[in-house]
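One structure below.
Every number here is computed from the coordinates shown, using simple stated rules; none is lab data. Small disclaimer: the values here were computed from a predicted structure and weren't measured. Methodologically, a virtual Cβ is constructed for each residue, glycine included, from the backbone with ideal geometry; neighbour enumeration extends over all protein chains shown.
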2 protein chains.
Amino acid sequence: MSKRNAFYAQSGGVTSVINASACGVIEAARNHADTIGTLYAGRSGILGALREELIDTNQESAEAIAALKYTPAGAFGSCRYKLKGLDENKAEYERLIEVFKAHDIGYFFYNGGGDSQDTAHKVSQLGEKMGYPITCIGVPKTVDNDLPITDTCPGFGSVAKYIAISTREASFDVASMAETSTKVFVIEVMGRHAGWIAAAGGLAADEETDLPIVILFPEIPFDQAKFLAKVDEKVKEYGYCSVVVSEGVHHPDGKFLSETGQRDAFGHAQLGGAAPVIAQMVKDHLGYKYHWAVADYLQRAARHIASETDVEQAYALGKAAVDFAVAGKNAIMPTVVRESDSPYRWTIGEAPLSEVANREIMMPKEYITDDGFGITPACRAYLSPLIAGESYPTYHNGLPRYVQLKNELVPKKLKDGFEV
Amino acid sequence: MSKRNAFYAQSGGVTSVINASACGVIEAARNHADTIGTLYAGRSGILGALREELIDTNQESAEAIAALKYTPAGAFGSCRYKLKGLDENKAEYERLIEVFKAHDIGYFFYNGGGDSQDTAHKVSQLGEKMGYPITCIGVPKTVDNDLPITDTCPGFGSVAKYIAISTREASFDVASMAETSTKVFVIEVMGRHAGWIAAAGGLAADEETDLPIVILFPEIPFDQAKFLAKVDEKVKEYGYCSVVVSEGVHHPDGKFLSETGQRDAFGHAQLGGAAPVIAQMVKDHLGYKYHWAVADYLQRAARHIASETDVEQAYALGKAAVDFAVAGKNAIMPTVVRESDSPYRWTIGEAPLSEVANREIMMPKEYITDDGFGITPACRAYLSPLIAGESYPTYHNGLPRYVQLKNELVPKKLKDGFEV
């Protein structure tokens, strides 16, 4: 097999460990210099391929690449851009082939969630459908933890750890204040469809640390009376209560909780998220003073407290993608296979891209307590290993040292640009 | 001098290191067992004294007390309760004396901010004005960093570190997404009157890490046109921008930015903070997609990433309070005295409670850049040492191990209760 170049891109919402996957891909590619020539990274994901904006990763030192393992977000830029079907927008695929040919790209590594694995799957069909053979491997990534087949998704474990820790810390805070001030603390977390991140808030309490935590899952239609009764019960028992609310919580009619019908001076729909709505509801009906937080990007960018398990898996899956490609595999995505919960053991498996694309995995019913506001022991057994271990970055002047790459583009070889 | 008991209480909003001060007080008191008998902690601050709800800290093991150094929030409960003047509510002071007499309390340690040092100051006058001599020492605490005389306040350095790190991390995130999605990220931080915490967001960028950050200080009346022009300039230069907004930012007429005039279904004023208002303003006028976060309690409870400098100072000031008391000093508060910026050197000083009470220190003008949106090198030189070092807690199952004390109350000796 003659040596060919490779293309790697980051796609969709970024995480605190997607760069650890990039590190795995790049280091593995460098180790396979007999098979893989230059590894190009797409500037802003797949857009980099369409626009022929290819970053030459060889311009980055081994130290800079190693530092990616400790740097959050997408070092090459990500994008929210989904390729249409081959039949719908053939021009895009023709352009991809044109760029790939010009730069002799024979390997395609695409690092993203469900939509992105769909893109990877379409690219893997270029050989069969358009006569341009290319080895195409997906690398899983999503804080939402909603990819099928793989036991978990890189990015999720670190968000889960951040939310579990933050919920524990804020619960200690409100416990201190409850006698004369705040009695209910509300934290809003990501997860528009699946409640995996909200579930992680439940880890804040455990056999050693007794805290009253009420979780609002997007999987459970919101029942105001039941929710308020639950909060009131906790406040009466503990003196305070923490509420972890998923941004995706909705009323039985499907309307998101955060759609309050409020308008600002410009006539725009209200600005707030679910947390302020829940907090105000508690105040109105129970009279308890509240505080609320919206974690937003802080949760998925919190590399400073990333899960060691998550970082290791992110790196291993990136490396596995290259190893699979070099071994002649195609149209697959490496996965995490759980061998046991305790002690936690995992290995790398593989899943066909055709089976990964466009499938979202919700929380199983047996992971949510019967009352709908907590996590079960089975859920805890699943989640706990994913937040295990601390993978601290190095610090300089009190701040984590995160690398900013040079991101030098290679000269374009094509005369024409491409409008996306 | 005969041996007498001591009373310690936590007051006002808690921090991630106020328990480190408690640890310093308790360990020092145990080391002075020849002078100080039992150290009682007030359950929920000064209320514990008024209600005769005294926690016997001797019931806690040395390990549990040592663990306080790594545990956020107020382990004995805090309160928002300010004693009135002696002339206004003599009954409260008479009650304090009654409780202190009943339990032979001769030392009073009060851990809090400006209002609390005012309370400590009033208690210190009990001897002179009401014939009950008591040694009274304040222990500084406030995330707002607004106490006079002391170079900094325990609690602030850790919040500053958290905000600097979070702003850096979220800026990396938005940089990744900016090409096709979010271009402006807004984080709301605490600080209703002084912009110290907002200023810490400016540390996210430094000579190694180039990030576009716009800060909105409560010290600078909000100028919408100037602000929008600044954000637009940053987005045009970098492709994205992060905004750190203090909750206390207000219009020139003094009205807080967060007062949008919105009403919910119950007719209550709007729910949101300053961040969503700023984010929506950017969208309306510049058309940039945004994300926003409100850190709220997460910032002041984030013991997992506390500043080592802050933890050390919190502990040292707690210990110094006891050492001062044992040395016969009275009506003072130990302070941090900065000897040099770089290398950072500090010692413990002292300030009379009369000069600490009820004085708020704002950011000096020379700490804010001329355009009003950034921090100057002088500000950086002041802030940097305060966030230096990481004081990590120990972890168990992926979560920090924070201690929950037994908090056993000693039997009441007085027949009557007290309504507060």
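Convex hull of alpha carbon positions in the protein assembly as shown: directionally averaged projected area 35.6 nm².
Taking every DSSP helix (H) stretch of at least 4 residues in the protein assembly as shown, weighting each as -39,500 (n - 2.57) and dividing the sum by the residue count yields a mean residue ellipticity at 222 nm of -10500 deg cm²/dmol.
Projecting the Cα atoms of A:VAL243, A:LEU50, A:THR119 onto the dipole axis of chain A, where Lys and Arg carry +1 and Asp and Glu carry -1 at the beta carbon, places A:LEU50 farthest toward the positive end.
Springs between alpha-carbon atoms under 10 Å, Gaussian network over chain B: tell me which of B:SER181, B:SER124, B:SER116 tops the mean-square fluctuations. Result for chain B, Cα springs under 10 Å: B:SER181 fluctuates most. For the residues B:ASP34, B:ASP151, B:ASP310, a GNM of chain B with alpha-carbon springs under 10 Å puts the largest fluctuation on B:ASP34. Remark: the Cα gyration tensor places region B:156-301 in the oblate category, a/c being 1.5 or greater and a/b not exceeding b/c. Across the alpha-carbon atoms of region A:1-142, the computed radius of gyration and Dmax are 14.0, 43 angstrom. Counting only other chain Cβ atoms within 10 Å of each residue's Cβ, the peptide B:182-188 averages 2.
Mean per-residue shielding of peptide A:362-372 is 0, counting Cβ atoms of other chains within 10 Å of each Cβ. Charging the Cβ of each Asp and Glu at -1 and of each Lys and Arg at +1, and nothing else, the dipole of region A:156-301 about its Cα centre rounds to 280 debye.
Per residue of A:386-399, other chain Cβ atoms within 10 Å of the residue Cβ number 5 on average. The lysine pair count for region B:156-301, using Cα distances under 17 Å and pairs eight or more places apart or on different chains, is 14. Region B:338-361 and region B:122-176 have Cα centres spaced 11 Å apart. For B:LYS255, place a label point 7 Å out from Cα along the Cα→Cβ vector, do the same in each other copy, and report the separations in nm, one decimal, smallest first. Here B:LYS255 shows inter-copy label distances of 2.8 nm.
Label separation (B:HIS193 vs A:ASN31): 5.9 nm, computed from points 7 Å beyond Cα along the C-beta direction. Three principal axis extents of chain A based on alpha-carbon atoms, in descending order, are 71, 49, 43 Å. With respect to chain A, whose longest principal axis is taken over its alpha-carbon atoms, helix A:156-177 is tilted by about 20°. At 7 angstrom along the Cα-to-beta-carbon line, where would the label on A:THR369 sit relative to the other copies? Give the distances in nm, shortest first. Ordered by increasing distance: 5.0 nm. The packing ranking of peptides B:335-343, B:132-140, highest mean first, is B:132-140, B:335-343, where packing means the average number of other beta carbon atoms within 10 angstrom of each residue. Computed from point charges on the beta carbon alone (+1 for Lys and Arg, -1 for Asp and Glu), the dipole magnitude for chain A about its Cα centre is near 1040 Debye. Model label sites at A:ALA102 and B:LYS226, defined 7 Å from Cα along the beta-carbon direction, differ in position by 4.7 nm. Label-point spacing at A:ALA33 relative to the other copies reads 6.7 nm, in ascending order, each point sitting 7 Å out from Cα along Cα→Cβ. Pick from A:LYS230, A:LYS161, A:LYS319 the residue whose mean-square fluctuation is largest in a GNM of chain A, springs joining Cα atoms under 10 Å. Evaluated over chain A, the most mobile residue of the options is A:LYS230.
The C-alpha atoms of chain B define a longest principal axis, and helix B:18-31 lies at about 30 degrees to it.
How far, in degrees from 0 to 90, does helix A:90-102 lean away from the longest principal axis of the Cα atoms of chain A, to the nearest 10? It is inclined by approximately 60 degrees. I need the calculated FRET efficiency for the pair B:GLU366 and A:GLN404, taking r as the beta carbon distance and R₀ as 30 Å, to the nearest 0.05. Rounded to the nearest 0.05, the efficiency is 0.50.
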